[in-house]
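Report on the structure given below.
Just so it is clear, none of the values below were taken in a lab; they were calculated from the coordinates. Treat the numbers as computed from the prediction; the structure is a model and nothing was measured. Glycine gets a Cβ as well: all are built from the backbone with ideal geometry, and neighbour counts include every protein chain shown.
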Ligand SMILES: [Zn+2]
């Protein structure tokens, strides 16, 4: 089947321009003016514009998709999701089936989730577990980072096999029970540099947080508000700074995942000034929400508990400036959903609130509305942050992340100038609340193609194509 997407404005990381797109056998075949596409289709244009429905099997095996007045993006990539994750004594509300259905609805055609090495497991076992979870049915394409929690000579020897299996990025935690110590971080940075892999790190100083939690407990401050208070920006900035010094000594590139604050950004700037290769990711919640939400009454604030926590408004402003300046390379979601009933596990003790929130469904419309439409970033910045840069950083470019001949036909058709609102009632995310409940959006994802087949039509998921595992190459950003 061939599809001819006509009348839209194509957006790539280097700009936007009016263009039709011809899709054939799952790939983008051509991008250009209507006449050029028509010539390729062998279509006689004397009758004027191609019309929806005009082409049946008799007139050639292509269908017209009308994108008039819409933006046409390469499929968005969300390189930070947690589906079907057992954590904090419970399991995330979204599994791969519900999470990826919500993802494509929001224009995300590829996710990169975190396969995790549980205690005593090899990396191969961890990866096999996660591939099995995902093979139960995914609505978008998927790949995996590998979270390393135990580092032994055997695990070190597995790195090349992981790279060959298309797992080329690895995740380390500087906090939680999955944390690794400085010696391990250094050794892994060295090993991954040698193998050509790249390391993403959750940066928070676990000792500082543990001490502050003890103080809060001793003072009887066990409510949600203590979540933010016990994980200060200094804890993040210290860990970012330490990581970057380890990376400097290891002479290795590194990714700071979910950067939240001005002070952490300052550490990244200093490392870059030293000549280091540092990449940074942030998330919509850190750009659009702030820590005043933790003061909401009862368990309301628990909906926004995540780590690192939400920060002040000035931090968000600083992150937006850094996005516009190209200092932050990707916007992912850290989608890690729990229902309000699950959040209530921490009713008596804020440290027991499962951390994380949903977001995989709403990233595109939020970043368009509050980034592009609000004049904070440009349209091509949005394309780089949501598609091109994650594709490059995680070894999928130019197969994904760009509208170009030969690339996978993962395509998002977004209508702008609309007046919509985010609600829990209207979402596919398998959660009973929406963090952005009631937020207005000026964009709507109308159609999505996954490798050349429509999977969202008129804003509804039609699931006519299953997602596949994407074996990724080395980073190239
Ligand atoms: Zn995460």
Where does each of 348, 135 land when they are ranked from fewest to most other beta-carbon atoms within 10 angstrom? 348, 135
Roughly how tilted is helix 206-218, in degrees to the nearest 10 and between 0 and 90, from the longest Cα axis of the chain? 60
Order by neighbour count: 198, 453, 331, 148, fewest other Cβ atoms within 10 Å first, most last. 453, 198, 148, 331
Pair-distance profile P(r), taking every C-alpha pair of segment 75-393, with 10 angstrom steps and integer %: 6, 27, 37, 25, 4, 0
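Can you give the % of DSSP beta bridges in the chain that are antiparallel, to the nearest 5? Working shown, then result.
Working: 34 of 71 bridges.
Roughly 50 percent of the DSSP beta bridges within the chain come out antiparallel.
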Suppose R0 equals 41 Å; then what is the FRET efficiency for residue 270 and residue 352 from their Cβ-Cβ distance, rounded to the nearest 0.05? 0.70
As a check on your grasp of the helix formula, calculate [θ] at 222 nm for the chain: sum -39500 (n - 2.57) over DSSP H runs of n ≥ 4, divide by the residue count, round to the nearest 500. -8500 deg cm²/dmol
Residue 25 and residue 217 label points (each 7 Å along its Cα→Cβ direction) are spaced in nm at 6.2
Rounded, prolate or oblate: which fits segment 378-457 when a ≥ b ≥ c are the square roots of the eigenvalues of the alpha-carbon gyration tensor, with rounded for a/c under 1.5 and prolate only if a/b beats b/c? prolate
Please work out the Cα center distance from segment 181-196 to segment 77-152, rounded to the nearest Å. 23
Ranked 274, 29, criterion: other C-beta atoms within 10 Å, fewest first: 274, 29
Any idea how far the Cα center of segment 240-315 sits from the one of segment 388-421, in Å? 25
Starting from the eigenvalues of the Cα gyration tensor, five times each then square-rooted, give me the equivalent ellipsoid semi-axes of segment 249-382, largest first, whole Å. 28, 18, 13
